[in-house]
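Take a look at the structure set out below.
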Amino acid sequence: MNFKRLGTIGAVAIAGSILLSSCAANEGTPTETDAPVSTLSGTIDGAGSSAQGSAQEAWIAAFQTANPDVTINYDPSGSGAGREAFIAGGTAFAGSDSALKQEEIDGGFAACVPDTGYIQVPDYISPIAVIFNVEGVTDLNLDAATIAGIFKGTITSWDDPAIVALNKDAKLPAAPITAVHRSDDSGTTKNFTDYLNKVAPEVWDAPAADPFPYTTGEAAQGTSGVVDAVTNGTNTIGYADLSKAGDLGVVSVKVGDEFVKPTAEGAAAVVAESPAGDTAGDTDLAIKLDRLTTDPTHYPVVLVSYLIACNEYVDADVAPLVSAYLTYVTSADGQAAAADAAGSAPITAETSDKIAAILAAIK
């Protein structure tokens, strides 16, 4: 079977795992004699970030088309659940919208050969949209302090003076606000609360965390649960990966002196100017996002999602599958597929090259 937009996979040297043939057969139909054929086979499981769910669907479909004897399973159970599953050895890789904590790293990973370390590389950059469904309102401007007040529960009505002051031309109803947050441990929540804590600490006094820190509002499971609750509720507001916003209203967030809608370009601009994270090292490319930008070409409510894997697996049979799949995901072709499916921003070519070198060493 021909590779479809997966030229990078053919370049991955994994001895005994991917063999290239000078001819191919596809159910008896002749193909070009120089078409590469993958004999990679087997099954691997991953779990985690629901924000990158649409991207994972696109990646898996393309990878399995190019490698018909491979099965990739991905459960979008949430970043916290994904990290827990990988740490316990229940999956071959995890997707997480928040980087591993030092205590998680120190505890080790059951799927990895002891003392061989771990891999943490970015694979998905996307804005977090503040989504809303408010009767009679199509455009909504909010600053960080007002968003913080809404989700903390100190601003409870849509005609609150703080909201009215930012939306003088809007017909805001005198109706209660239903603010919807994630019920599960979520990297999207951690990124959202990190933004609020950094930009509006006088209101949002809780540190960034995977669990939502306050008991206010309505809770829903996963990205899809939040979107469903906002869609099917009345005068609702929530937060979700932009790829899942659908037909819901999307807040323009105040950055500097302007109100900015979420875009992949604005998210990528923030990531490009952010420093390495606290745990960063040779195989850990974690990023500490700069939320305090006042540049209106930037969108600071952004998440970077990571792939977490082993440098060396206890089950050596999964190593070539993980290496090949993660290499495709983080390649130019994989990033283009994610952009098409989810509107995400691609990682840079320089970062992709660094990741390819890391993943090629998996064993």
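Points worth noting:
- Vicinal HN-Hα couplings computed from phi for the stretch 162-171 (Karplus, 6.51 cos²θ - 1.76 cosθ + 1.60; Hz; Gly/Pro x): 5, 6, 4, 4, 8, 9, 5, 9, 8, 9
- Choice from GLY107, GLY266, GLY277 showing the highest fluctuation, given a GNM over the chain with Cα pairs closer than 10 Å: GLY107
- Dividing the summed helix terms, -39500 (n - 2.57) for each DSSP H run of n ≥ 4, by the number of residues in the chain produces a 222 nm estimate of -9000 deg cm²/dmol to the nearest 500.
- Amide H to amide H distances under 5 Å link VAL302 with ILE128, where only residues 5 or more positions off or on other chains count and H is placed in the peptide plane.
- Nonlocal amide H pairs with THR43, under 5 Å, H built at 1.01 Å: THR71
- Membrane-span-like helices in the chain, defined purely by DSSP H runs whose alpha carbon atoms cover 24 Å or more axially and whose average Kyte-Doolittle hydropathy reaches 1.6, do not occur.
- Of all DSSP-defined beta bridges confined to the chain, some 65% are antiparallel rather than parallel.
- Relative contact order (%) - the stretch 127-269, alpha-carbon pairs under 8 angstrom, separation at least six: 38 percent
- Packing rank of 287-295, 299-307, where each peptide gets the mean count of other beta carbons within 10 Å, highest leading: 299-307, 287-295
- Checking the Cα-Cα distances for LYS198/LYS288; LYS198/LYS254; LYS152/LYS198; LYS101/LYS363; LYS152/LYS244 against a 18 Å cut-off, the pairs over it are LYS101/LYS363; LYS152/LYS244.
- Placing +1 on each Lys and Arg Cβ and -1 on each Asp and Glu Cβ, with no other charges, gives the chain a dipole about its Cα centre of roughly 320 debye.
- Beta bridges per DSSP with both ends in the stretch 127-269, % antiparallel, nearest 5: 65 percent
- Net charge of Cβ neighbours under 9 Å - reference GLY277; Lys, Arg +1; Asp, Glu -1: -1
- Long-range amide H partners of TYR313 with built H, under 5 Å: VAL113, LYS363
- Across the chain, Cα-Cα pairs farther apart than 35 Å form 27% of the total.
- For the stretch 170-324, diffusion coefficient by Stokes-Einstein and Kirkwood Rh (Cα), 10 °C, 1.306 mPa s, µm²/s: 90 µm²/s
- Taken one residue at a time, the phi angles of the stretch 293-305 give Karplus couplings (6.51, -1.76, 1.60, θ = phi - 60°) of 4, 10, 7, x, 7, 9, 10, x, 8, 10, 10, 10, 9 Hz. Gly and Pro are set to x.
- Using the Cβ-Cβ distance between ALA361 and ALA162 with R0 = 56 Å, the FRET efficiency computed as 1/(1 + (r/R0)^6) comes to roughly 0.60.
FYI, it's all coordinate maths here, none of it is from the lab. Everything numeric in this text was worked out from a predicted model, so none of it was measured. Methodologically, a virtual Cβ is constructed for each residue, glycine included, from the backbone with ideal geometry; neighbour enumeration extends over all protein chains shown.
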